[in-house]
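Reading through the structure tokens given below for one structure.
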Amino acid sequence: MNRREFVKQVGLGLAAGWAVGRLSWPFNAWAAGPELRLALLADAHLKDGNDRRPEALALARAVAEIRGLSPPPDLVLFAGDLAHRGRPDALDLGRGILAGLPAPCWAVRGEGDHGPGGKSAWVRRFGEPWFSRAFQGFHLLGLDTSLTPAAGGPVFELGAV
């Protein structure tokens, strides 16, 4: 499964989870327990540091729409491809736009986020390109699936958890 298909499946899963939460018995018994409101963003493909480009305006609009949600999300996930070819100026612009979110944002790196400066350009701005963290009673795992696999090796990267 490629990253785009994975993001699509996650989105469908989140939509299904939302729908189940809105249905009445017997489904509401499944929803008992902690609640977590998530927002998911992906594939901004910012070309450079120009905040007037259509892709930058689209990301800013998405952030504004998330800010307008009531209740707001508890957490925002960014599923990769923030920058085109990992340009540092695009990563900086993306970081600035995402700073306007009303909740913490955890991001994984996509194949489009590779470029000048390599992994270190991402790490300097966002931390490791994967996460494995507990949040409000849930454990969330985000993988950097954009790595080229070594012969017989893994196709994703996960550090010590």
Highest to lowest packing among 88-100, 42-54, scored as the average C-beta count within 10 Å: 88-100, 42-54
Ranked packing of 124-132, 107-115, most packed first, by mean Cβ within 10 Å: 107-115, 124-132
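Each reported figure results from applying straightforward, stated rules to the coordinates on display, with no laboratory input. All figures in this text were calculated on a predicted structure; none of them were measured in a lab. Don't worry about glycine lacking a Cβ; one is built from the backbone with ideal geometry, like all the others, and counts go over all protein chains shown.
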